[in-house]
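A.B. asks: Next up is a structure, given as structure tokens.
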Amino acid sequence: MNADQLTENEYSGGFTNYIKEAGNVNLFEELEISLHDFIKFVQNIPMDKFDYRYAEGKWTIKDIIQHIMDCERIFAYRALRFSRNDKTPLPSFEEDDYANSTDSGSRSIQSLLTELSALRHSNLLFYKSLSEEQLKRIGTASNNQISVRALGFVIIGHQKHHQKVFEERYL
């Protein structure tokens, strides 16, 4: 299933940018490929950059990796709820509250990447377990309609967005 197979009613609002960022890729393949590309990219970042902030109050690379994981967990939770036909509208979340409540700076980069890998592999297995009907189910999150499969592309696009931020502002 490729991103260009998503229909207009499957996503809207702020989700649109992340889906576009994912590109026209196969959902299952790219969930795995983008993880490996990201880990390889991060492993090539100089060690002195992981705790660097390009401006006062901005997150470090470690903070952003934790943020990617927090968001992936939230996106996957939404996908789980919608895939099980839960029609309850789900609220947005305040990313800064999450970031301010972690201790990512005390963690090693390897522990962050190991956790990200385990999380992504779990989500990949979840997505592969879903039927075509479940993948197309739509729910409401952050006041926007979004399908289960669109949330998978959001996971990919959100990670790719932050990799670009690393390139543009941290390296």
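The values are calculated or read from the model by the stated rules, or taken from the named source; none is laboratory data. Remember, predicted model here, so these are calculated numbers, not experimental data. Don't worry about glycine lacking a Cβ; one is built from the backbone with ideal geometry, like all the others, and counts go over all protein chains shown. The area values use the complete protein model at the heavy-atom level, side chains included, leaving out ligands, DNA and RNA. Shrake-Rupley method; radii C 1.70, N 1.55, O 1.52, S 1.80 Å.
A.B. asks: Hey, could you check the range 1-51 for residues that are modelled with pLDDT of 95 or more and of a type in the set (Phe, Trp, Tyr) and say which is farthest from the chain's Cα centre (by Cα)?
C.D. replies: Only one residue tops the list, namely 50.
A.B. asks: Out of curiosity, is residue 92 out of contact with any helix residue (DSSP H, G or I) (no Cβ under 6 Å at 6 or more places or on another chain), touching a residue at least 40 places away in the same chain (Cβ under 8 Å) and open to solvent by 50 Å² or more (accessible area, probe 1.4 Å)?
C.D. replies: yes
A.B. asks: Pairs please, first residue from the range 146-158 and within 13 Å of residue 5 (Cα to Cα) and open to solvent by less than 10 Å² (accessible area, probe 1.4 Å), second anywhere and of a type in the set (Val, Ile, Thr) and assigned to a helix (DSSP H, G or I), Cβ atoms under 9 Å, 6+ apart in sequence or on different chains.
C.D. replies: Filtered contacts from the range 146-158: 150/19; 153/19.
A.B. asks: Please pick out the residue among 99, 79 that is closer than 15 Å to residue 18 by Cβ and among the hydrophobic types (A, V, I, L, M, F, W, C). Before you say what the answer is, go through the steps one by one.
C.D. replies: Numbers: 99 fails: closer than 15 Å to residue 18 by Cβ.
Sole residue among the options that is closer than 15 Å to residue 18 by Cβ and among the hydrophobic types (A, V, I, L, M, F, W, C): 79.
A.B. asks: From the list 78, 73, which residue is touching a residue at least 12 places away in the same chain (Cβ under 8 Å), part of a helix (DSSP H, G or I), open to solvent by 70 Å² or more (accessible area, probe 1.4 Å) and under 22 Å from residue 115 (Cβ atoms)? Don't jump to the end; show me each part of the working.
C.D. replies: Details: 78 fails: open to solvent by 70 Å² or more (accessible area, probe 1.4 Å).
Only one candidate passes the filter, namely 73.
A.B. asks: Sort through 30, 56 and tell me the only one that's crowded, with 20+ Cβ neighbours inside 10 Å and not small (Gly, Ala, Ser).
C.D. replies: Every option except 30 fails the conditions.
A.B. asks: Then there is this: Looking for whichever is closer than 20 Å to residue 60 by Cα and not acidic (Asp, Glu) here; the options are 117, 92. Which one fits? Working first, answer last.
C.D. replies: Details: 92 fails: closer than 20 Å to residue 60 by Cα.
Result: 117 is the single residue among 117, 92 that is closer than 20 Å to residue 60 by Cα and not acidic (Asp, Glu).
A.B. asks: On to the next question. Considering only the range 40-48, I want to know if a residue exists there that is more than 26 Å from residue 150 (Cα to Cα), surrounded by fewer than 14 Cβ atoms within 10 Å (Cβ to Cβ) and of a type in the set (S, T, N, Q).
C.D. replies: yes
A.B. asks: Restricting attention to the range 1-23, which residues are surrounded by 13 or more Cβ atoms within 10 Å (Cβ to Cβ), not small (Gly, Ala, Ser) and not in a helix (DSSP H, G or I)?
C.D. replies: Matches in the range 1-23: 1, 2, 6, 11.
A.B. asks: Taking the range 95-140 as the search range and keeping residues that are of a type in the set (Asp, Glu) and over 15 Å from the mean Cα position of the chain (by Cα), which one is farthest from residue 27 (Cα to Cα)?
C.D. replies: In the first step, residues of the range 95-140 are kept if they are of a type in the set (Asp, Glu); the result is 95-97, 103, 115, 132-133.
Within this subset, residues satisfying the condition of being over 15 Å from the mean Cα position of the chain (by Cα) are 96-97, 103, 132-133.
Values: 96: 28, 97: 30, 103: 31, 132: 13, 133: 15 Å.
Per the stated criteria, the residue is 103.
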